[in-house]
Amino acid sequence: MVGASDDLFEEIKPVLETFCENIFHVGDVGAGHKTKLIYNFITMGHASIIAEALCACAATGVDAGKFSEVVAAGGANSGIYQLIVPKAIGEGDTSGLQFSLTNAAKDLHYYTRMTEAARLTGNVGNAVHHALVQGMTLGFEEGYVGDLIPTQEKLNGIAILKR
């Protein structure tokens, strides 16, 4: 995600191609950073919803494996879901999405500041940021985003993952 003038982008594109798998020119200077924050909001939003949904499965007696089959076959499936859930419910391993909880919280903090400056309500962004901060507060600050699942376990006193 690159923010640059058209001329500058064309000049730096050959350098980016030497080490970048995907290159997106998203607008002028600053647009790349804003695009990244919005993208990470969606990603962390998915992760937060997934963790809470798995907690709801555990609390209501829904088999997480069967639930995962339903999700995989429908519109709620996503790359984020597939990175986090199979390892988590199969092995109790929450490292499928190797993005740190600390970095995720930092990005969501920047996202909520950006939406505030744009005079948006940002209710969901604030909730996602809060979920990440809760995870850090409960001892997962050195962990990955998938640790939102054990965060839900601690918050609700419910075993979600097999250990």
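Computed from the coordinates by the stated procedures, all read-outs in this text should not be read as laboratory data. Given the structure is predicted, the values throughout are model-derived calculations rather than measurements. For neighbour counting, all protein chains shown are included, and Cβ atoms are generated from backbone atoms with ideal geometry for every residue, glycine included.
Being in contact (Cβ under 8 Å) with a residue 12 or more places away in the chain and surrounded by 15 or more Cβ atoms within 10 Å (Cβ to Cβ) is true for just one of I23, I49, I80. Which residue is that?
Numbers: I23 fails: surrounded by 15 or more Cβ atoms within 10 Å (Cβ to Cβ); I49 fails: in contact (Cβ under 8 Å) with a residue 12 or more places away in the chain.
The unique qualifying residue is I80.
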Which pairs do you get when a residue that is over 19 Å from E141 (Cα atoms) and without any contact (Cβ under 8 Å) to a residue 12 or more places away in the chain, found in the stretch 101-126, comes within reach of a residue that is assigned to a helix (DSSP H, G or I) and acidic (D, E), reach meaning Cβ atoms under 7 angstrom, with the pair 6+ apart or on two chains?
G122/E116
Only one residue in S78, S95 is more than 17 Å from A64 (Cβ to Cβ) and hydroxyl-bearing (S, T, Y), so which one is that?
S95
Look at V29 and say whether it is surrounded by fewer than 17 Cβ atoms within 10 Å (Cβ to Cβ), outside any helix (DSSP H, G or I) and in contact with a strand residue (DSSP E or B) (Cβ under 7 Å, 6 or more places away or on another chain).
yes
